[in-house]
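Written out below as structure tokens is the structure these notes cover.
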Amino acid sequence: MSEHYRGAVVREAHGPLTFEDIPLRDLTGDEVLIRVTACGLCHSDVHFMHGTSGTDFPYLVGHEVAGVVEALGPDATGVAPGESVVVAPMVACWECKHCRSGRPEACASKLPRRPKVGLGDGVAATPVLGVGGLAERVIVRARQAIVIDPRVPPPIAALLGCGVPSGFGAAVNTAEVGPADDVVVIGCGGVGIAAIAGAAYARARQIIAIDTNPGKLAVAERFGATHLIDASKEDPGDRVRELTDGLGADVVLDAVGGPATFATADGLRAAGSRLVIVGAPKQGDMAEVPMRRLFLTGGSIRVSIWGDCVAARDLPLLANLYLEGRLPLDEYVSGTFGLTDAQEGYDRLLAGEALRSVVVP
């Protein structure tokens, strides 16, 4: 085993993405060492890289990780060396009052705090979302390493770490979409497409996709959208009301996040509907809610964090749906890159040219 591994580091807001040799330390407690086989490039990484999701620089980037277990700490259980795993950035502790009462999605400890990682020059880096897996190796808690079928190719398995469960779970777990529901998804990036797939899995009556990128709308249709709205060419409100007999949508999933799309989402929902915030807003974002209208229309506004997923239940489910041909995730991968070419993948993501780029170290 090498005494060092390479990882992607950003040392200041908007600074360059560098690839540094990181000393490999001994495992303690319930930690596991994973050889990374693929890492997806996600907008959440970019928020950290730009300093809009935190300023605890330097950051060890990457959190959408698949790999193979290489070694176990002295107290690690539930996995074995050689097993294929997906790293769950959020996983319930099963010990707090929420977990004990059957509400693991509300677990206050579901984002495990990985210790800072010492870089080669002695500076301590913060792992993004407690993972920091855009690297050749990653160390996480054993309960974060979710065993999946090894037949799932690594670039597909990596997607199960963040984007896919975030969107799919928002529709299935948070919104609890059902066959009678008319569903609107705002934003057809990686999370939005997964939300469309989740609504299709739940057999929604209609699935209305909204975006300004025709290419993304075409992908949305292949993942189950029944109607497409190009918001650069027509008013989403008029079209949604036309499709829902003037009532509005039963479920509106905002997969972008931020004041503008929140206001759009609020204007598209029907009485008694569920509005779910899925996309992450930036620090400082504020939205006004017309309280009288909210009171008169009822319904709910919910936040979906990582799709309210239970890792041990939902990640194997998603893997099996892919293997059964019911979740076409091969179309989700827009390109693969080597570790030192990761910046190109992020650039394509920000330019709207990629649904999801994946690094294969």
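Can you pull out the helices (runs of 4 or more DSSP H) entirely within the range 164-263 that have at least 1 residues that are more than 28 Å from residue 294 (Cβ to Cβ) and in contact (Cβ under 8 Å) with a residue 24 or more places away in the chain? Steps first, answer last, please.
Numbers: elements: 190-201, 214-222, 236-243.
Correct list: 190-201, 214-222.
Here are 294, 329: which of them is within 19 Å of residue 192 (Cα to Cα) and in contact with a helix residue (DSSP H, G or I) (Cβ under 9 Å, 6 or more places away or on another chain)? Can you show your working first?
Details: 294 fails: within 19 Å of residue 192 (Cα to Cα).
Checking each option against the conditions leaves just 329.
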Worksheet item: What number of residues within the range 157-172 satisfy the criterion of being open to solvent by 10 Å² or more (accessible area, probe 1.4 Å) and of a type in the set (A, V, I, L, M)?
Response: 1
Discussion item. On the basis of being under 25 Å from residue 317 (Cα atoms) and surrounded by 24 or more Cβ atoms within 10 Å (Cβ to Cβ), does residue 67 make the cut?
Written reply: yes
Response to the item:
Scanning the range 292-318 for residues that are open to solvent by less than 80 Å² (accessible area, probe 1.4 Å), under 19 Å from residue 104 (Cα atoms), in contact with a strand residue (DSSP E or B) (Cβ under 6 Å, 6 or more places away or on another chain) and not in a helix (DSSP H, G or I) gives 304
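Given the options 19, 57, name the one that is open to solvent by 20 Å² or more (accessible area, probe 1.4 Å), in contact (Cβ under 8 Å) with a residue 60 or more places away in the chain and farther than 18 Å from residue 360 by Cβ.
Values: 19 fails: farther than 18 Å from residue 360 by Cβ.
After ruling out the rest, the residue left standing is 57.
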Worksheet item: Of the residues 76, 71, 80, 66, which is modelled with pLDDT of 95 or more and under 15 Å from the mean Cα position of the chain (by Cα)?
Response: 66
Discussion item. For the list (1) farther than 28 Å from residue 319 by Cβ; (2) small (Gly, Ala, Ser); (3) open to solvent by 40 Å² or more (accessible area, probe 1.4 Å), I need the number of the one condition that residue 109 fails.
Written reply: (1)
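Can you confirm whether the range 53-63 contains a residue that is touching a Pro at 6+ places or on another chain (Cβ under 8 Å), closer than 20 Å to residue 139 by Cα and part of a strand (DSSP E or B)?
Taking the range 53-63 and keeping what is touching a Pro at 6+ places or on another chain (Cβ under 8 Å), we get 59-60, 63.
Next cut, closer than 20 Å to residue 139 by Cα only: 59-60, 63.
Then drop every residue that is not part of a strand (DSSP E or B), which leaves 59-60.
For the range 53-63, residues touching a Pro at 6+ places or on another chain (Cβ under 8 Å), closer than 20 Å to residue 139 by Cα and part of a strand (DSSP E or B): present.
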Discussion item. Please verify whether residue 137 is at pLDDT below 95, open to solvent by 10 Å² or more (accessible area, probe 1.4 Å) and farther than 24 Å from residue 197 by Cβ, treating the condition exactly as stated.
Written reply: no
Response to the item:
Considering residues that are assigned to a loop (DSSP other than H, G, I, E, B), surrounded by 15 or more Cβ atoms within 10 Å (Cβ to Cβ) and on the phi < 0 side of the Ramachandran plot, the number found within the range 112-132 is 5
Worksheet item: Within the range 17-44, how many residues turn out to be at pLDDT 95 or above and within 24 Å of the chain's Cα centre (by Cα)?
Response: 14
Discussion item. Restricting to the range 189-241, name every residue that is in contact with a Phe, Trp or Tyr (Cβ under 9 Å, 6 or more places away or on another chain) and either open to solvent by 50 Å² or more (accessible area, probe 1.4 Å) or not aliphatic (A, V, I, L, M) (or both).
Written reply: 190, 198, 201, 223, 224
Practice prompt. Could you list all residues from the range 3-16 that are exposed (fewer than 15 other Cβ atoms within 10 Å of the Cβ) and out of contact with any strand residue (DSSP E or B) (no Cβ under 8 Å at 6 or more places or on another chain)?
Written response: 12, 13, 14
Discussion item. Quick check on residue 101: is it hydroxyl-bearing (Ser, Thr, Tyr) and modelled with pLDDT of 95 or more?
Written reply: no
Item to complete: Inspect all residues belonging to the range 39-49 and state whether any of them is touching a Cys at 6+ places or on another chain (Cβ under 8 Å), in contact (Cβ under 8 Å) with a residue 24 or more places away in the chain, open to solvent by 20 Å² or more (accessible area, probe 1.4 Å) and outside any loop (DSSP other than H, G, I, E, B).
Response: yes
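The values are calculated or read from the model by the stated rules, or taken from the named source; none is laboratory data. Keep in mind the model is a prediction, meaning the values are calculated, not measured. Glycine gets a Cβ as well: all are built from the backbone with ideal geometry, and neighbour counts include every protein chain shown. The protein model used for the area step is the full one, side chains on, heavy atoms only, and it has no ligands, DNA or RNA in it. Shrake-Rupley method; radii C 1.70, N 1.55, O 1.52, S 1.80 Å.
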